[in-house]
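> Starting off with a structure, shown below.
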Amino acid sequence: MNDQKPTGGCMCGAVRYELQDDFTWNVYCHCESCRKHTGAPVAAFAVSSPEQVRWTSSDRTLYESISGRFRAFCRECGTSLTWEAEVNGRSFLAIHVSTLDHPEDFPPTEHTFHGEAIPWFNVDDDLPRHSGWKYIGELES
């Protein structure tokens, strides 16, 4: 990882952000909600708290996908940006790794909601697989 703070944004550049220090939990999420939000068989996230993201240009648009669970996207180009929620009194913000300028710096370290994985999509790695988010407990996506 380089010495500058990680940056990223949407496809059209209208929404830009800078990550602060605490984005060390990087996961693949296989839940149906993430798949629908991204249009992909799996989503890759860097997870921390909302305070760890500084939005440097236009703000993201939020959609409440499940009560208390929000998905962010760019209102101009539609790029999926985040999953955001407060769970058990703790706020989480998961940024889509694919929106980072250097996604290679954020390799996933585990799989979440692996029980919801599409059967034909096989990620051949030795990473731990969890039925939910291990730091939050078993919760709906």
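> Any idea which of (1) assigned to a strand (DSSP E or B); (2) out of contact with any helix residue (DSSP H, G or I) (no Cβ under 6 Å at 6 or more places or on another chain); (3) charged (D, E, K, R) is the one Glu104 doesn't satisfy?
Just one mismatch for Glu104, condition (1).
> Here's a follow-up. Just the residues that are basic (Lys, Arg) and farther than 12 Å from Val15 by Cα, please, taken from the range 48-100.
Arg69, Arg71, Arg90
> Do any residues in the range 19-43 that are among the basic types (Lys, Arg) have Cβ atoms under 7 Å from those of residues that are outside any helix (DSSP H, G or I) and surrounded by fewer than 22 Cβ atoms within 10 Å (Cβ to Cβ), where the two are at least six apart or on different chains, and which pairs are they?
Arg35/Pro41
> Of everything in the range 80-114, what is of a type in the set (D, E, K, R) and within 23 Å of Leu62 (Cβ to Cβ)? Give them in sequence order.
Glu84, Glu86, Arg90, Asp101, listed by residue number.
> Which residue pairs have Cβ atoms under 8 Å apart, sit 6 or more places apart or on different chains, and have a first residue in the range 44-64 that is within 20 Å of Arg90 (Cα to Cα) and a second that is exposed (fewer than 15 other Cβ atoms within 10 Å of the Cβ) and among the β-branched types (Val, Ile, Thr)?
Listed by first residue and then by second, the contacts come to Ser48/Thr24.
> Continuing with this model, one more query. Give the range 107-134 a look and list any residue that's assigned to a loop (DSSP other than H, G, I, E, B), under 30 Å from Met11 (Cα atoms) and out of contact with any helix residue (DSSP H, G or I) (no Cβ under 8 Å at 6 or more places or on another chain), or say none.
Matches in the range 107-134: Pro107, Thr109, Ala117, Pro119, Trp120, Phe121, Asn122, Val123, Asp124, Asp125, Leu127, Gly132.
> While we're here: Going through the range 86-112 one residue at a time, which ones are touching a His at 6+ places or on another chain (Cβ under 9 Å) and of a type in the set (D, E, K, R)?
Within the range 86-112, just Glu110 meets the criteria.
> When the range 114-132 is examined, which residues are found to be touching a Phe, Trp or Tyr at 6+ places or on another chain (Cβ under 8 Å) and either modelled with pLDDT of 90 or more or surrounded by 14 or more Cβ atoms within 10 Å (Cβ to Cβ) (or both)?
Correct list: Val123, Leu127, His130, Gly132.
> Against the conditions (1) modelled with pLDDT under 95; (2) part of a strand (DSSP E or B); (3) crowded, with 22+ Cβ neighbours inside 10 Å; (4) not hydroxyl-bearing (Ser, Thr, Tyr), where does Ile95 fall short? Just the number, please.
That leaves (1) as the condition not met.
The values are calculated or read from the model by the stated rules, or taken from the named source; none is laboratory data. For clarity, every value in this text was computed on a predicted model and none was experimentally measured. Every residue, glycine among them, receives a Cβ derived from its backbone with ideal geometry; neighbour counts consider all protein chains shown.
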